[in-house]
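Engineer: I have a structure I would like to understand better, so I am pasting it below and will then ask my questions one at a time.
The values are calculated or read from the model by the stated rules, or taken from the named source; none is laboratory data. On a predicted model such as this, the values are computed, not experimentally measured, just so you know. As a convention, Cβ positions derive from the backbone with ideal geometry for all residues, glycine included, and neighbour counts pool all protein chains shown.
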Amino acid sequence: MVVVTTGVFVTPSTDALFHFHFSRCSLLDIKIHNSRDEFVSSHHDNKVVCLQMPFPIDPNFDAELRYFAENADSVLVLVSELHDRTVEILQRNDRKNIIYFICGELNVSLAHSPVYRFYDWFTTTVHFYRNVRPQTLDILTPYTPKKLAFDVLLGRRKVHRRFAYDYLVDNNLFDRNIVTYLDASHDCNLVNTTADKWLWEKEGLEIDGNVEWTVERFPYYGHRMSISQIIPLNIYNQTVYSIIAETNWTNHYSFYTEKTVKPIIGRRLFIALGGQYHLRNLKLHGFKSFDNVIDETYDTISDHTTRFTGAMEQVRYLCNQPQEEILAKIKPIVDHNFNVMMTTDWYDLYFKPAFVSYFR
């Protein structure tokens with residue numbers, strides 16, 4: 001008789017998600033429970049809870065974390081969205097048997113909880129361009145000068161995005177770049193918005209329903225993926241550089257999404273409008289930045305207005321430089337970054353070994 005020594009609780013709503021991870025990590029000799037009461041009353045040598053931190057945050061999630069921490073050996077929490085509120089939950093629930101897997105880097109330390117990397121946005125965005133349809137990138141011309149300088153695809157209203165928009169207007173740079181900005185936090189159907197608010201790559205994309213959020217998934221060359229993860233090939237072939245206006249901009253963490261991945265895959269110089277140390281933390285993974293051509297000390301500045309100003313001053317500088325000279329200087333860097341992004345197995349490198357270690 002085979003004795004299963006590890007019992008695992010997953011909620012019914014995340015059962016399929018964690019079965020995927022169990023399969024990828026070859027965790028087959030486990031007993032999975034979907035009933036909380038059944039799990040708590042079960043007898044296993046090792047009891048593991050697997051949770052995904054919801055966003056928007058469920059008001060009951062704190063209590064759920066504390067309950068399972070008292071009734072399991074380990075509580076593994078996948079955090080694919082880093083926001084102020086999710087980081088606050090990490091800090092409030094800082095226990096040695098609550099283990100976090102986060103899509104980014106913390107600039108604050110937890111005293112007890114182990115924190116591992118879960119670069120889900122890297123993994124899922126790279127997948128299409130590496131495994132599904134790599135020839136999609138063949139039309140890009142990253143080393144060729146273009147008529148316009150930056151793609152400035154700002155998305156919905158946030159402090160750092162409004163700052164960038166106003167800076168471009170105030171410094172007469174608007175018409176020298178491709179700029180889109182939804183100056184609203186919500187729009188009922190993005191397909192009906194005008195080109196100054198939202199542009200997307202139409203070739204190969206099948207919009208078969210309303211698009212309320214760009215994270216929604218639609219077929220792209222037959223592969224269903226989030227619209228936000230589709231590289232804007234047409235826009236990239238009209239511009240040479242990118243502004244990354246990441247999801248968040250506060251200083252105590254760096255949250256890396258597809259917004260950071262796309263210009264790297266597109267072999268582009270980028271200027272990051274994010275929190276302090278966005279570039280420094282990105283370099284932890286082997287990437288290089290562009291301090292050979294621009295002043296990147298903005299990344300070290302804690303005050304967000306000063307930091308954003310420093311970043312946008314580099315945008316103005318590059319708009320006035322010969323593109324041929326800049327492109328020649330950055331070619332080794334953008335090629336290096338492309339290779340790091342596309343050849344690294346982000347799942348197996350960071351997530352898999354740490355995750356498996358808790359199923360002894």
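Engineer: Go through region 190-246 and count every residue that is assigned to a helix (DSSP H, G or I) and under 29 Å from E324 (Cα atoms).
Structural biologist: The initial filter retains those residues of region 190-246 that are assigned to a helix (DSSP H, G or I), namely 190-192, 227-229, 233-236.
Of the ones still in play, those that are also under 29 Å from E324 (Cα atoms) are 229, 233-236.
Of the residues in that region, 5 qualify.
Engineer: With region 1-118 as the region, which strands (runs of 3 or more DSSP E) entirely inside it contain at least 1 residues that are under 26 Å from the mean Cα position of the chain (by Cα), surrounded by 15 or more Cβ atoms within 10 Å (Cβ to Cβ) and acidic (D, E)? First the steps, then the outcome.
Structural biologist: Details: elements: 6-10, 31-33, 46-52, 74-79, 98-102, 104-106, 115-117.
Where strands (runs of 3 or more DSSP E) fall fully within region 1-118 and carry at least 1 residues being under 26 Å from the mean Cα position of the chain (by Cα), surrounded by 15 or more Cβ atoms within 10 Å (Cβ to Cβ) and acidic (D, E), they are 104-106.
Engineer: Examine region 56-65 for a residue that is touching a residue at least 60 places away in the same chain (Cβ under 8 Å), outside the structural domain of E258 (by TED's automatic domain parsing) and under 29 Å from K262 (Cα atoms), and state whether such a residue exists. First the steps, then the outcome.
Structural biologist: Just the residues of region 56-65 that are touching a residue at least 60 places away in the same chain (Cβ under 8 Å), to begin with: none.
Checking region 56-65: not a single residue is touching a residue at least 60 places away in the same chain (Cβ under 8 Å), outside the structural domain of E258 (by TED's automatic domain parsing) and under 29 Å from K262 (Cα atoms).
Engineer: Cβ-Cβ under 6 Å, sequence separation 6+ or interchain: first residue in region 7-35 and in contact (Cβ under 8 Å) with a residue 40 or more places away in the chain, partner of a type in the set (G, A, S). Which pairs?
Structural biologist: G7/S42
Engineer: What tally of residues in region 147-178 results from selecting those that are in contact with a strand residue (DSSP E or B) (Cβ under 9 Å, 6 or more places away or on another chain) and among the charged types (D, E, K, R)?
Structural biologist: Adding up the residues that qualify gives 7.
Engineer: Of all residues in region 160-194 being of a type in the set (D, E), under 23 Å from N248 (Cβ atoms) and out of contact with any helix residue (DSSP H, G or I) (no Cβ under 9 Å at 6 or more places or on another chain), which is modelled with the highest pLDDT? If you could, list the steps in order and put the result at the bottom.
Structural biologist: At the first step, the residues of region 160-194 found to be of a type in the set (D, E) are 166, 170, 175, 183, 187.
Okay, now just the ones that are also under 23 Å from N248 (Cβ atoms), so 166, 183, 187.
Checking the rest, the ones that are also out of contact with any helix residue (DSSP H, G or I) (no Cβ under 9 Å at 6 or more places or on another chain) come to 166, 187.
Values: D166: 97, D187: 60.
That would be D166.
Engineer: Would you confirm whether any residue within region 69-76 is over 15 Å from Y358 (Cβ atoms) and of a type outside the set (A, V, I, L, M, F, W, C)?
Structural biologist: Initially, region 69-76 is screened for residues over 15 Å from Y358 (Cβ atoms), giving 70-71.
Right, trim to of a type outside the set (A, V, I, L, M, F, W, C) and you get 70-71.
Within region 69-76, one or more residues are over 15 Å from Y358 (Cβ atoms) and of a type outside the set (A, V, I, L, M, F, W, C).
Engineer: Kindly list, by first and then second residue, each pair from a residue in region 304-323 that is farther than 16 Å from H278 by Cα and outside any loop (DSSP other than H, G, I, E, B) to a residue that is of a type in the set (G, A, S) and at pLDDT 95 or above, limited to pairs with Cβ atoms under 7 Å and residues at least 6 apart or on different chains.
Structural biologist: These pairs meet every condition: L318/A149; C319/A149.
Engineer: Here is a further query. Would you check if I326 is at negative phi, more than 24 Å from the chain's Cα centre (by Cα) and surrounded by 13 or more Cβ atoms within 10 Å (Cβ to Cβ)? Don't jump to the end; show me each part of the working.
Structural biologist: Numbers: at negative phi: yes; more than 24 Å from the chain's Cα centre (by Cα): yes; surrounded by 13 or more Cβ atoms within 10 Å (Cβ to Cβ): yes.
Considered against the rule, which asks whether it is at negative phi, more than 24 Å from the chain's Cα centre (by Cα) and surrounded by 13 or more Cβ atoms within 10 Å (Cβ to Cβ), I326 comes out as yes.
Engineer: Also, I was wondering about something else. Which of (1) more than 21 Å from the chain's Cα centre (by Cα); (2) in a helix (DSSP H, G or I) is the odd one out, the single condition K262 does not satisfy?
Structural biologist: Going through the list (1) more than 21 Å from the chain's Cα centre (by Cα); (2) in a helix (DSSP H, G or I), K262 breaks only (1).
Engineer: Please work out which residue is farthest from H160 (Cα to Cα), limiting yourself to region 289-322 and to residues that are of a type in the set (D, E) and surrounded by fewer than 18 Cβ atoms within 10 Å (Cβ to Cβ).
Structural biologist: Initial filter on region 289-322 (of a type in the set (D, E)): 291, 295-296, 299, 303, 313.
Now restrict to residues that are surrounded by fewer than 18 Cβ atoms within 10 Å (Cβ to Cβ): 291, 295, 303, 313.
Numbers: D291: 22, D295: 19, D303: 12, E313: 14 Å.
Among those residues, the one meeting the criterion is D291.
Engineer: Here are T305, T344, T297: which of them is under 25 Å from the mean Cα position of the chain (by Cα) and under 19 Å from S242 (Cα atoms)? Give the derivation first.
Structural biologist: Numbers: T305 fails: under 19 Å from S242 (Cα atoms); T344 fails: under 19 Å from S242 (Cα atoms).
Result: T297 is the single residue among T305, T344, T297 that is under 25 Å from the mean Cα position of the chain (by Cα) and under 19 Å from S242 (Cα atoms).
Engineer: If I filter region 168-178 for residues that are out of contact with any Cys (no Cβ under 7 Å at 6 or more places or on another chain), surrounded by fewer than 16 Cβ atoms within 10 Å (Cβ to Cβ) and outside any helix (DSSP H, G or I), do I get at least one hit?
Structural biologist: Taking region 168-178 and keeping what is out of contact with any Cys (no Cβ under 7 Å at 6 or more places or on another chain), we get 168-172, 174-175, 177-178.
Among the residues that remain, those that are also surrounded by fewer than 16 Cβ atoms within 10 Å (Cβ to Cβ) are: 169-172, 174-175.
Of the ones still in play, those that are also outside any helix (DSSP H, G or I) are 171-172.
Checking region 168-178: at least one residue is out of contact with any Cys (no Cβ under 7 Å at 6 or more places or on another chain), surrounded by fewer than 16 Cβ atoms within 10 Å (Cβ to Cβ) and outside any helix (DSSP H, G or I).
Engineer: If F355 satisfies every condition in (1) closer than 27 Å to C25 by Cα; (2) part of a helix (DSSP H, G or I); (3) in the same structural domain as L154 (by TED's automatic domain parsing) but one, which is the exception?
Structural biologist: Every listed condition holds for F355 apart from (3).
Engineer: So, one more: Check off (1) under 30 Å from V240 (Cβ atoms); (2) without any contact (Cβ under 8 Å) to a residue 60 or more places away in the chain; (3) surrounded by 18 or more Cβ atoms within 10 Å (Cβ to Cβ) for L137 and give me the number that stays unchecked.
Structural biologist: (2)
Engineer: Only residues in region 172-197 that are within 14 Å of L153 (Cβ to Cβ) and assigned by TED's automatic domain parsing to the domain that holds A245 count as the first member; pair them with residues that are acidic (D, E) and modelled with pLDDT under 70, Cβ under 9 angstrom, at least 6 apart or cross-chain, and list the lot.
Structural biologist: Taking only residues 6 or more apart or on different chains, the pairs are T193/D187; K197/D187.
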